[in-house]
Amino acid sequence: MLYIIRAIFAILCGTFTFYMLSTSGKLTYGGAIAGGLLGFIAALAIIGIEISMRKVRFKIIFLGIIGLIIGLITGLLLVNIFESVLPSNYSDLSKVLIPLILGYLGMAVSISKSDQLQLGDAGLTYGKASKSPSLGEYKILDTSVIIDGRIADIAETGFVTGAFVIPRFVLLELQHIADSSDPMRRKRGRRGLDILNKLQKSNYPVEIIETDFPSVPAVDSKLIELAKAMTSPIVTNDFNLNKVAELQGVKVLNINDLANALRPVVLPGEEFKVFILREGKEYNQGVGYLDDGTMVVVDSGRNHMNQKVEVVVTSVLQTTAGRMIFARVSDEEI
């Protein structure tokens, strides 16, 4: 529908310009046609401006218009002063230049200071007085991190500030997963919807927005475009989305990185108890897990299957998948 409206607008501008010029009697028929084409091209230029403005935050547009109006009004008031001082040759020029210069300055200063101004519930406020988060404090949630569920627990701790943004296209993807014929996908989708319900019932602010990018087919690409438009980070645990977003200059908050950072630091020589759950890949190895899911590979642990034994850390390996601890059975257990 938007494309149709734009096409009608461009055709009407060209047709109306041609009609006005052809009926004025001042131009030939060929000149009227040329004028109609110019009107059509001008309409296309306006449409191009409208498309580019869609990526600009409303706050910047609003403050730019306010600054422009204030600058123009100030310039018009100053024109009367300069008109009485300047020679008559320059008075006409000052009527144009002074409002133009002050209008530009007002708009430029307002836009440059937009980050220090917030559009809160009570109107325009300065600094951090507004209770509602600014766009820079928004964090965009993707489908994977919602299904994962840990984001709800993180929000309840109070360590995260701002507000979570959930685009409508992410909700549609969750609904599509929840309606899947595959039982596993259906279970994951319903879990994601339950997590959203839990987030909305919590005290943490959650906003669902209708912003979409119809020309962008993939949900991950839509998230990156939205993050660019809002200058906000994406919260995810999707490895591929993380890498693609970073390549395009979008900040990413990865839940898995946070989980790895919060795991307890274990140093070689430390002792602790672990339950040997299964055999390892190498001879006589056993594998156990800490409470946070960290894998512990125990040398000589095969003889202690299904037992909780005291182990001594020999080394720690950090991988992209997480942390692995290598240990041996304590001498007391042997």
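Please work out which one of (1) under 17 Å from Lys201 (Cβ atoms); (2) without any contact (Cβ under 8 Å) to a residue 12 or more places away in the chain is the condition Leu172 fails and give its number.
Going through the list (1) under 17 Å from Lys201 (Cβ atoms); (2) without any contact (Cβ under 8 Å) to a residue 12 or more places away in the chain, Leu172 breaks only (1).
Quick check on my filter: what residues within the range 102-132 are modelled with pLDDT under 50 and either polar (S, T, N, Q) or crowded, with 20+ Cβ neighbours inside 10 Å (or both)?
Of everything in the range 102-132, those that are modelled with pLDDT under 50 and either polar (S, T, N, Q) or crowded, with 20+ Cβ neighbours inside 10 Å (or both) turn out to be Gln118, Thr125, Ser130, Ser132.
Restricting attention to the range 137-169, and to residues there that are touching a residue at least 24 places away in the same chain (Cβ under 8 Å) and small (Gly, Ala, Ser), which single residue is farthest from Ile195 (Cα to Cα)?
Result: Gly162.
Run Asn240 past the list (1) surrounded by fewer than 18 Cβ atoms within 10 Å (Cβ to Cβ); (2) more than 18 Å from the chain's Cα centre (by Cα); (3) closer than 20 Å to Ser144 by Cα and report the number of the one that doesn't hold.
(2)
When the range 247-272 is examined, which residues are found to be in contact with a Ser or Thr (Cβ under 9 Å, 6 or more places away or on another chain), modelled with pLDDT of 85 or more and either surrounded by fewer than 15 Cβ atoms within 10 Å (Cβ to Cβ) or more than 30 Å from Val165 (Cβ to Cβ) (or both)?
Across the range 247-272, the qualifying residues are Lys251, Pro268, Gly269, Glu271.
Regarding the range 214-221, can at least one residue be identified that is surrounded by 14 or more Cβ atoms within 10 Å (Cβ to Cβ), among the charged types (D, E, K, R), within 26 Å of Leu247 (Cβ to Cβ) and within 14 Å of the chain's Cα centre (by Cα)?
Scanning the range 214-221, I find at least one residue that is surrounded by 14 or more Cβ atoms within 10 Å (Cβ to Cβ), among the charged types (D, E, K, R), within 26 Å of Leu247 (Cβ to Cβ) and within 14 Å of the chain's Cα centre (by Cα), so the answer is yes.
Would you mind telling me which numbered condition in (1) surrounded by 18 or more Cβ atoms within 10 Å (Cβ to Cβ); (2) within 29 Å of Ala152 (Cβ to Cβ); (3) touching a Lys or Arg at 6+ places or on another chain (Cβ under 6 Å) Asp299 fails?
(2)
Sort out which residues of the range 273-296 are small (Gly, Ala, Ser) and surrounded by 14 or more Cβ atoms within 10 Å (Cβ to Cβ), and write them in order of number.
Residues satisfying the conditions are Gly280, Gly286, Gly288.
Look at Ile234 and say whether it is β-branched (Val, Ile, Thr) and either surrounded by fewer than 17 Cβ atoms within 10 Å (Cβ to Cβ) or over 20 Å from Gly249 (Cβ atoms) (or both).
No: the conditions fail for Ile234.
Need the failing condition index for Leu76 against (1) outside any helix (DSSP H, G or I); (2) at pLDDT 80 or above, just the number.
All conditions pass for Leu76, except number (1).
The values are calculated or read from the model by the stated rules, or taken from the named source; none is laboratory data. Everything numeric here is computed off the predicted structure, so don't read it as measured data. When we count neighbours, we look across all protein chains shown, and the Cβ atoms used for this are built from the backbone with ideal geometry, even at glycine.
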